[in-house]
Structure formats: C-alpha cells, structure tokens
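Each remark here refers to the structure printed beneath this line.
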Amino acid sequence: MDFTSAPVSQAVPTEASLQHATASLIASLPDEGLGFEHIKKHILNDISPGFTGSSRCPNYYAYTTGGVTDPALFADWVASTYDQNVQVHLPRDTVATTLEATTLRLLQQLLSLNEGEFPGRTFTTGATASNVLGIALGREFVVAEAGRRKTPPINTSVAELGVLEACFQAGVTDIQVLATLPHSSLYKAASAAGIGRGSIRMIPLSDKEPWRFNMEALAKHLSGEAASIISISAGEVSCGRFATNGAELAQIRRLADQYGAWVHVDGAFGLQALVLPHTEAYKALNDGVSSLHLADSLAGDAHKLLNVPHDCGFFFTRALDLQQTVFKNPGAAYLSTTAVSIPSPLNIGIENSRRFRALPVYASLVAHGRLWYRDLLERQITLARRVGSYILDSTTYELLPNDNVNQIYMVVLFRARSESLNAQLVSRLNASKQLSISGLPWKGQPAARIAVGNWRVDVDRDFGVIVKALEAAAAFPSK
Ligand SMILES: *Cc1c(COP(=O)(O)O)cnc(C)c1O
C-alpha cells in the first residue's frame, strides 16, 4: 500500500496498466457495498496505476501542472479529514477563515504585492475561475463607469439590473475584451459573464511577437465607442512570454484610467516570476511582471508552480467593494456575520460552501519559505534554458519563438525542422513514457512544449532525460 508521494519514473501509465484500470471499474452500483478494505485495494492496485505521473514523476512536462510538496500533501489530508466549510467567517467557531485570510496575505507577500493595494482576495478552483471573477468585475466596472461618464451621470449596476438593462441605461452598446493570445479559459469567462466569446479582440504587436500588445492599436481601440476590459497574458500559455513590459503596463494603466477601462492580468503561472531576484539573467522576466501591481485584478494558479494539490487558484483585486457588489449572497440571515475585518467568503466569489483550499497553501508556504520557492523557480528556469540552448544549437530542432535563450521562463516551445519528423514529434518524444510533453499549434504548425513545473526538478538529471528523448526521436527512422 502506497500512501506516500514517493517519486515514480512513469510519466504516463503503460498501455497494460491503463487497460487493466479501465476494465476493473465497477460500473453497476452494488446493492450491498463491497467494503472499505475492498475499495482500498481496488483503488491502490487497479485504479491508481492508470493515473498519470503528473505530480509524482519529475519529468511530466505536459500542460502546466506542478506537483504536490510533502507539506501540502499532508495538509490536504488534514483538510479532508476535518472538512471545514470555508463559507462564513465564524471566528468563534473555527480558525479556518482566519487561516484562509492569513494565507492569502502570505501569498501576496510571496509575490511582493502590497496587501493594502489588493484587499480583495480569495481562493478559487483555478485560474479559469479567477478569470471569470476578473471578467465579471471588469464588466461591472466598465458599465458603471460608462454611466458615471454620461451627461448627466447615472448610477447603474450589471449586478443589480443585468447586462441588458445596465448597458441600456449607461448607453453601452458593446463590451470588448482586448488581449493578446489569451488562454482558452478567457473565452469561457467572457461567455459565462454574458459578454460573449466574440467580444475578445486580439491586439498583437506583430507576426513575430504576437503575445505582445500593439500599444498604438490598443489606444485606438480604447478610444472607440465600446466599453473595454484589457486582459494581459502574463505568461502566455504556449511560449511563456509576457504580454507587457513595465513601461507598457504603466501606459496601459494611464489609458485605462483615461477611458474608463478595467485591467485584468491572467498570470496563472506567470505571477510566480515575481519571486525571482532582480538580476541580469532574469531581466526579461523581471520586466514582464514589474508593473503587474498596477492592474485592477490578478488571476493566479496555486496548483501549478506553487505545487499544491488540484484544485487551487487565487484571485486578487483592488476593488473589494466591487467584488462584493458582484458576488454578494443576499438575505440568508443565518449566514450573517458581525466581523468586518475578514469578508465572508460567500460574498466575494462564485461558491458558497467551499473546500478548505488554504490549508495546503499555508503548509507549503510556511514549511518551505520564500527563498525555497525562489530557488525552485530558478532551477526550473535553468533546466528550461539549458534545454533551450540545446535546441538552439541543434540542427534537428528549432527553438520557438526563435530568439534569445535569456527570454525563456520555465516553458520551452520548439519544433523539428523536418516536416515529417515534426508531424510525429510529440508521440515520438513521449514514446518511452518516461516523460510527457504537450503538443500544440504555434502559428498554424504543430509544435512541442515542455513546461517545467514540478518541485522535484533536478537540472542535471532531467536535462539528461530530455536530451535522451530528443535524440531518440530524431534517430527514429522517418517514414
Ligand atoms: C492553466 C492556465 C489557465 C487556466 O487555469 P486552470 O487552473 O486550468 O483553471 C488560465 N490561464 C493560463 C495562462 C494558464 O496557463
């Protein structure tokens, strides 16, 4: 029986394990239960060998998953055992909401964000949910702001009246989300928030650097009739690059204030770059995150680079009042709370009843500390850059976007120069099942992406594993 988080070498299960796991599933509900002992054996012996090694295998580089640190794993068991419902702040009944509030502050300290500037903070299920919060707050703000800017000014609220009525009152006929290469979840957020996937408009700098904003075009879009939310990809999902540098973000802040726009940052894994030291090696990364504190809302993921279990994301905003306007859970006298220092979680996010996600984050942050997280990210970047250098020197592979290795964060994007090799690249790289790499399109062509997110990273060992896979894929006879 294996309840530990001991590392494994399989990044994905063998075909046989997967088939066995699938065939073993009990698909008709037993009248008489099979018992706890039975289900334990079933899960450990039959089912879990059919899981990916996303957490336990250091060479799982698909998506951006991260692993689970030992303190986080321990705390997650405790969270399940005590099953606290972090819904209402009841400081005389449980320390849970106080711990959650404390943990959100620790997280802001890790990211060098000023606690006073971002009083709106909550844990979410992930960056997708955090993007929904950001877009929902942005929608509330830009429509209300359009109303305030009318002559004569009017007060209106989407949260109270709905999108149709509030937009009608404010004279808003179009809400747009201005972005560059947004994560797919931003489209979901736009749909869920009632402004529509079609409201997302791409403002790329150029074909060469589509993840950056064309600042002139952005200013032009903002000056038009539409009410605008600006969404900044701080850590573009495919290539890991940052949409803005510090000067551009400062300019975006000025433009947003001028035109009544909302600035949201999707920093699912990019926000973590705020832990890096300010050195020449990280100049591009430092600059990519240097002014993110000027945004109105920030979306982050804890189950990625923070290495706590799924699911856990976080959301910060300057506008706690707006957050409560949008997510207020009205009425329900039995849910009321007299304490004002910690806002009731049920008034600042999507859920009412919630899992005690804060405990694993608290455990990992306190057990490891700031410098451990900094060192971890530096090792992840070092591995990514060493792989980047190898690819840059290679005649078989091509680094994407094809520039300076010092721009690389913890994501390496590349393709094979030969079209026939490139077509089979990801399946060949993953053939040994000792590592897992994602395939995705880049500028219309297949590409491969390595995202280094696990805390078990070991630069020398893992570089060897990756190079072995790159060499084996290249040596495979082409057909
Ligand atoms: C992963 C990711 C998301 C979505 O996060 P989930 O944790 O899957 O909800 C959003 N944006 C970016 C940039 C991401 O990398």
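The values are calculated or read from the model by the stated rules, or taken from the named source; none is laboratory data. All of these numbers come straight from a predicted model, not from anything done at the bench. All Cβ positions, even for glycine, are placed from backbone atoms using ideal geometry, and neighbour counts span all protein chains on display. For the accessible areas, the whole protein counts, side chains as well, though only heavy atoms, and no ligand, DNA or RNA atoms are used. Shrake-Rupley method; radii C 1.70, N 1.55, O 1.52, S 1.80 Å.
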(request) May I ask for the equivalent-ellipsoid semi-axes of the chain, computed as the square root of five times each C-alpha gyration tensor eigenvalue and listed largest first in whole Å? (result) 37, 31, 21
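How big is the charge dipole of segment 84-355 about its Cα centre, in debye rounded to the nearest 20, if each Lys and Arg gets +1 on its Cβ and each Asp and Glu gets -1 on its Cβ? Before the final figure, lay out each step's value.
Details: 22 positive and 24 negative charges, 20 e Å.
Magnitude of the dipole: close to 100 debye.
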(message) Amide H of Thr124 versus every other amide H placed in the peptide plane: which residues, excluding those fewer than 5 positions away on the same chain, fall under 5 Å?
(response) Gly313, Phe314, Phe315
(message) Under a crude label model (7 Å from the Cα following the beta-carbon direction), how far is Ala16 from Ser191 in nanometres?
(response) 4.1
(request) For Trp442, enumerate residues with amide H under 5 Å from its amide H, sequence gap 5+ or separate chain, H modeled in the peptide plane. (result) Ala447
(request) Count charges around Ala243 for me, please; just the other residues with Cβ under 11 Å from its Cβ, Lys/Arg as +1, Asp/Glu as -1. (result) -2
(message) With every protein chain kept in place and ligands, DNA and RNA left out, what is the accessible area per residue of segment 45-124? Probe 1.4 Å, answer in Å².
(response) 44
(request) Express in nm, to one decimal, how much length is gained between Ala6 and Asp375 on full extension, taking 0.36 nm for each residue of separation and deducting their alpha carbon distance. (result) 130.7 nm
(request) In debye, nearest 20, what is the charge dipole magnitude of the chain about its Cα centre with +1 on Lys and Arg Cβ and -1 on Asp and Glu Cβ, if you could check? (result) 580
(message) Against the 2.2 N^0.38 Å scaling, with N counting residues, where does segment 1-122 land? I'd like the Cα-based Rg ratio to two decimal places.
(response) 1.45
(request) Calculate one ³J(HN,Hα) per residue across segment 365-380 by plugging θ = phi - 60° into the Karplus curve 6.51 cos²θ - 1.76 cosθ + 1.60, and present them in order as whole Hz with x for glycine and proline. (result) 5, 6, 5, 9, x, 4, 5, 5, 5, 5, 4, 4, 5, 5, 5, 5
(message) Projecting each Cα onto the charge dipole of segment 348-479 (Lys/Arg +1, Asp/Glu -1 at the beta carbon, about the Cα centre), which of His368, Phe476, Leu413 comes out farthest on the positive side?
(response) His368
(message) Please give me, ordered by residue number, the GluC sites (Glu not before Pro) of segment 1-104 that lie in loop per DSSP and have at most 12 other Cβ atoms within 10 Å.
(response) Glu32
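Which three numbers, in whole Å and largest first, are the semi-axes of the equivalent ellipsoid of segment 370-475 derived from its Cα gyration tensor as √(5λ)?
23, 15, 12
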(request) Leaving ligands, DNA and RNA out of it, report the carbon-plus-sulfur percent of the accessible area of segment 93-228 at a 1.4 Å probe. (result) 53
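Distances longer than 19 Å among the Cα atoms of segment 140-289: what percent of all pairs is that?
54
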(request) Determine the per residue accessible area of segment 370-475 with all protein chains present and a 1.4 angstrom probe, expressed in square angstrom. (result) 41
(request) Give me the accessible area per residue for segment 200-313, probe 1.4 Å, as a whole number in Å². (result) 33
(request) Would you compute, for the Cα atoms of segment 245-391, the largest minus smallest coordinate along each principal axis and list the three values in descending order, in whole Å? (result) 62, 43, 25
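Explain nothing, just the number: dipole magnitude of segment 1-137 about its Cα centre with +1 on each Lys and Arg Cβ and -1 on each Asp and Glu Cβ, in debye rounded to the nearest 20.
320
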(request) For a label point 7 Å from the Cα of Glu398 along Cα→C-beta, name the residues of segment 439-470 whose backbone N is under 14 Å from it. (result) 442-448
(request) Using the 2.2 N^0.38 Å rule of thumb for compact globular proteins, work out how segment 84-355 stacks up: its C-alpha Rg over that value, please. (result) 0.99
